[in-house]
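Here is the structure we will look at.
The values are calculated or read from the model by the stated rules, or taken from the named source; none is laboratory data. The structure displayed is predicted, hence computed values, not measured ones. Cβ: placed from backbone, ideal geometry, glycine included. Neighbour counts: every protein chain shown. These area figures cover heavy atoms from the full protein model, side chains too; ligands, DNA and RNA do not enter into them. Shrake-Rupley method; radii C 1.70, N 1.55, O 1.52, S 1.80 Å.
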Amino acid sequence: QINSNASLTVSLAQTPYCKKHKYDPQNPLCAHIIFCGSIVKVSDSEAGLAKKALFSRHPEMESWPKDHNWFFAKFNITNIWVLDYFGGLKIVTPEEYYNVKP
């Protein structure tokens with residue numbers, strides 16, 4: 001409630017890719033992406049979708065104690081940094097990120 005800022009780092013070191021290519025996890029060629037933004041409680045209209053998304057992937061969480069005051073939130077991404085080569089970070093806007101076609 002006081003500071004909702006958050007960041008999340010995801011690395012290719014979490015996959016077999018870097019090991020396969022013999023990249024040290026600290027080597028920029030073992031790419032990682034850093035998402036920065038804030039955690040925002042979902043609105044009542046979004047809560048149903050949030051519950052369905054979470055519980056379909058983690059059904060055990062549906063029975064977690066209600067008195068812990070859990071709530072559904074989303075990550076409002078404002079900055080994305082990609083480190084995938086030598087020479088520094090690449091800045092990607094959220095719009096660019098969401099518009100990429102797989």
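Summary of values
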| quantity | calculated |
| --- | --- |
| Residue match in the range 24-41 (condition: of a type in the set (Gly, Ala, Ser) and in a helix (DSSP H, G or I)) | no |
| Qualifying positions in the range 1-51 - among the aromatic types (Phe, Trp, Tyr) and either in contact with a His (Cβ under 8 Å, 6 or more places away or on another chain) or open to solvent by 80 Å² or more (accessible area, probe 1.4 Å) (or both) | Tyr17 |
| Boolean, Tyr85 is within 30 Å of Tyr23 (Cβ to Cβ) and more than 16 Å from the chain's Cα centre (by Cα) | yes |
| Hits in the range 82-102 - residues which are closer than 16 Å to Asn27 by Cα and surrounded by 10 or more Cβ atoms within 10 Å (Cβ to Cβ) | Val82, Leu83, Asp84, Tyr85, Leu89, Lys90 |
| Any hit, the range 36-53, residues being at pLDDT 95 or above, touching a helix residue (DSSP H, G or I) at 6+ places or on another chain (Cβ under 9 Å) and under 30 Å from Gly87 (Cα atoms) | yes |
| Residue count for the range 54-102, restricted to those that are over 21 Å from Cys36 (Cα atoms) and either in a strand (DSSP E or B) or in contact (Cβ under 8 Å) with a residue 40 or more places away in the chain (or both) | 1 |
